[in-house]
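Values in this text are rule-based calculations from the coordinates and carry no lab data. Everything numeric here is computed off the predicted structure, so don't read it as measured data. Here the Cβ positions follow ideal geometry from the backbone for every residue, glycine too, while neighbour counts run over all protein chains shown.
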Amino acid sequence: MLSIALPKGSLEEQTLLLFSQADLEVKKSSRAYNPTINDPRIGKVKILRPQEIPGFVADGHFDLGISGYDWVMESGADVVEVADMPYAKTGTGVVKMVLAVPEDSDIKSAADIKPGSRISTEFPNTTRAYFEKLGIPVEVHFSYGATEAKVPELMDALVDLTETGSSLRANGLKIVETLLTSTTRLVASPQAWADSEKRRDIEEIRTLLLGVIEARGRVLLSMNVSEARLEDVIAELPAMKRPTVNRLYGSEDLEVTTVVDKAGVNILIPKLKAAGAEDILELAISKIVR
């Protein structure tokens, strides 16, 4: 049976939702850090800070964990990346670790940072390694939060995560370099991955989770169409691959089924009707397993 570490904090709500939609509901008890999942493949669940999870997984305390790629890199943990899962509290789940300096600074890239500059960050290992690679000696100071508030009075620059950069701009800072791009990752311990039984269970869990992520923002469209109008209707369909076409029992008409993005379905349905589609059904999708 697998032991799993799930992230606390900004990723927690969306992680619990993802597991619920994957039919792996996480049930919390009075001991909030020790929930359960009613699944024969999962024996232990813990909710921990995402910063700690890669290290605990690498050390074999957990078989499987969810954390950001930024924390995997910062920790230097020896883990197996099982899946890239782009989800977060808001947006697409893609964040950037960036170098930012005061807006009025003449610095245009990391290469322009002066030797001896003071850099505030929650990612000291990644920051130090980046500037060592550039050959620029800098002072890296660990930040316990409110990193933007320390520049320029206490620090010369910062390295932090951002999705849009709006918070940095609001604090009079500009982005001059991206150190890495991060998404949420499903990671496994090398020991668990090498165990054939545990690896099979991990791959099955991955299939369920990615199936939910793949289905998000998509709907199933089913419609009837006469054979004479089939090509007109298919021409309007932005199918994942090719639409499924079946002949209706006892009729010359055809049923056409495909998956489309929810965002454009309000424009698509009238076009399909105009092209000859009838009895159009729009259905929600819980999973897409490729």
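A few notes on this one:
- Cα gyration tensor, the range 95-182 - rounded (a/c under 1.5), prolate or oblate: rounded
- Relative packing of peptides 178-184, 230-236 - highest average C-beta neighbours within 10 Å first: 178-184, 230-236
- Structure-based [θ]222 nm, the chain - -39500 (n - 2.57) summed over DSSP H runs of at least 4, per residue, nearest 500: -7500 deg cm²/dmol
- For the residue pairs LYS8/LYS44; LYS96/LYS198; LYS114/LYS150; LYS8/LYS133; LYS28/LYS96, the C-alpha atoms sit more than 22 angstrom apart in LYS96/LYS198; LYS8/LYS133; LYS28/LYS96.
- Between the residues ASN266, VAL212, GLY43, the greatest Cα displacement towards the positive end of the dipole of the chain, with unit charges on the Cβ of Lys, Arg, Asp and Glu, is found for GLY43.
- Top positive-direction residue, dipole computed over the range 95-182 with Cβ charges, set GLY172, ALA146, GLY116: GLY116
- Length-normalised contact order of the chain in % [C-alpha pairs under 8 Å, at least 6 apart]: 19
- A simple packing score, the average count of other Cβ atoms within 10 Å per residue, orders the peptides 138-146, 151-159, 215-223 as 151-159, 215-223, 138-146, with the highest score first.
- Note on the chain: with a GNM built from Cα contacts shorter than 10 Å, the maximum mean-square fluctuation among ASP63, ASP279, ASP84 falls on ASP279.
- Of the GluC sites (Glu not before Pro) found in the range 49-134, those in coil by DSSP whose Cβ has at most 16 other Cβ atoms within 10 Å are GLU103.
- For the range 95-182, a simple Cβ point-charge model (Lys and Arg +1, Asp and Glu -1, everything else neutral) yields a dipole of about 180 debye relative to the Cα centre.
- The range 170-290: C-alpha gyration tensor shape, a/c 1.5 cut-off, then a/b vs b/c: oblate
- Rounded to the nearest 20 debye, the dipole magnitude of the chain is 460 debye, with +1 charges on Lys and Arg beta carbons, -1 on Asp and Glu beta carbons, and the Cα centre as origin.
- Cut-off 14 Å between beta-carbons: net charge of the residues surrounding LEU179, Lys and Arg +1, Asp and Glu -1: -3
- Cross-link partners of LYS27 among aspartates and glutamates (Cα-Cα below 12 Å; sequence separation of 8 or more within a chain): ASP39
- Extent along principal axes [Cα atoms of the range 1-102; Å; largest to smallest]: 50, 29, 25
- Proximal aspartates and glutamates to LYS262, defined as alpha-carbon separation beneath 14 angstrom and excluding residues fewer than eight positions away on the same chain: GLU214, GLU282
- In the elastic network of the chain, a GNM with C-alpha springs shorter than 10 Å, the most mobile of LEU18, LEU248, LEU168 is LEU248.
- Local charge for ARG199 was computed over the other residues whose Cβ lies under 15 Å away, with Lys and Arg +1 and Asp and Glu -1, and equals -3.
- Tensor-based shape of the chain (alpha-carbon gyration tensor, a/c under 1.5 rounded, otherwise prolate or oblate): oblate
- Take every pair of alpha-carbon atoms less than 8 Å apart whose residues are at least six positions apart; their mean separation over the length of the range 95-182 yields a relative contact order of 52 percent.
- Charge-dipole axis of the chain as Lys and Arg at +1 and Asp and Glu at -1 on Cβ define it, positive-most pick from PRO243, LEU134, THR184: THR184
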